[in-house]
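Visitor: Okay, here's the structure, questions in a sec.
The values are calculated or read from the model by the stated rules, or taken from the named source; none is laboratory data. Keep in mind the model is a prediction, meaning the values are calculated, not measured. Cβ coordinates were reconstructed from backbone atoms using ideal geometry, including for glycine residues, and neighbour counts include every protein chain displayed.
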Amino acid sequence: VSTDRRCRDSFSFIHFHCFPGEDGGVVLKKSSLRCRRDTQSSRRDTSDTRREGDSANTQATMEFSSKDMALKAQKKILSSMANRSSVQMFIDDTTSEILDELYRVSKEYTGNKAEAQKILKNLIKIAVKIGLLFRNNRFNEEELVIAKDFKKKLNQGAMTATSFYEVDFTFEQTVMSDLLSDCRDLLLKLVNTHLTTKSHDRINRVFNHYSDPQLLTKLYDPSGPFRPHLTKICKGLNKLMEDGTI
């Protein structure tokens with residue numbers, strides 16, 4: 001009688017030999033033969049094959065997504081440079097002046113310089129990344145329609161903002177808040193499949209901050225401390241509208 005016991009690295013053959021006993025019974029004697037598999041070789045072959053397969057797959061993936069990887073690298077590098085001193089590398093002087101005034105408004109409203117800088121940095125990161133997406137032709141036809149709708153809404157918001165400033169006692173906080181919220185929603189829809197959840201959160205934080213009813217009310221107070229900032233912001237918006245930028 002024989003059987004074998006197997007494990008991962010070895011196996012044994014066990015033999016049972018039958019002999020007649022002195023009392024007429026049967027005596028069983030066991031012997032075994034243990035063999036070791038050549039597992040190191042098989043493992044090495046399997047590992048080599050797996051490495052070759054992984055290498056081939058990685059190479060294929062890199063070749064397939066090289067454009068995406070390059071775009072991600074650009075976005076990461078430019079995001080790390082997103083501060084007020086480097087912003088002029090990516091946007092025009094007029095927009096830069098508007099951003100500076102928005103920063104001052106945020107700093108005075110929150111009373112927190114670090115928080116105001118973070119809000120502005122988030123705003124710049126959003127602008128830079130969306131600019132890169134446009135430059136690399138990442139938007140499809142449907143998304144380009146959304147982009148046009150966003151530009152129209154932004155233009156409407158700029159016209160409304162300057163009108164409220166130029167004509168006394170016409171400011172309506174809910175109108176301005178709703179326009180900013182509409183811009184936010186269109187922008188989120190535009191970048192939905194292109195930017196990360198973290199970038200979506202940045203968009204929400206920026207637009208929610210500037211659509212804050214209390215902030216807008218203080219900003220449009222004719223005798224309030226924010227009036228000089230609003231004057232420069234509206235001057236810049238008028239120039240951007242004249243140039244066709246927004």
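Visitor: Which members of segment 111-123 meet the condition of being free of Cβ contacts under 8 Å to residues at least 60 places away in the same chain and more than 14 Å from GLU101 (Cα to Cα)? Working first, answer last.
Guide: Going through segment 111-123, the residues free of Cβ contacts under 8 Å to residues at least 60 places away in the same chain turn out to be 111-118, 120-121.
Answer for segment 111-123, where residues must be free of Cβ contacts under 8 Å to residues at least 60 places away in the same chain and more than 14 Å from GLU101 (Cα to Cα): GLY111, ASN112, ALA114, GLU115, LYS118.
Visitor: Every residue in segment 159-177 that is out of contact with any Cys (no Cβ under 9 Å at 6 or more places or on another chain), assigned to a helix (DSSP H, G or I) and loosely packed, with under 12 Cβ neighbours inside 10 Å, please.
Guide: THR174
Visitor: May I pose another question? Could you list, in sequence order, all residues of segment 191-246 that are part of a helix (DSSP H, G or I) and charged (D, E, K, R)?
Guide: To start, the set of residues in segment 191-246 that are part of a helix (DSSP H, G or I) comprises 197-210, 213-219, 227-243.
Residues satisfying the conditions are LYS198, ASP201, ARG202, ARG205, LYS218, ARG227, LYS232, LYS235, LYS239, GLU242, ASP243.
Visitor: Is there a residue in segment 46-61 that is at pLDDT below 65, among the charged types (D, E, K, R) and either surrounded by 11 or more Cβ atoms within 10 Å (Cβ to Cβ) or touching a Leu at 6+ places or on another chain (Cβ under 6 Å) (or both)?
Guide: no
Visitor: Name the residues in segment 134-173 that are farther than 23 Å from GLY236 by Cα and modelled with pLDDT of 95 or more, would you?
Guide: Step one: list which residues in segment 134-173 are farther than 23 Å from GLY236 by Cα, which gives 134-146.
Selection gives PHE139, ASN140, GLU141, GLU142, GLU143, LEU144, VAL145, ILE146.
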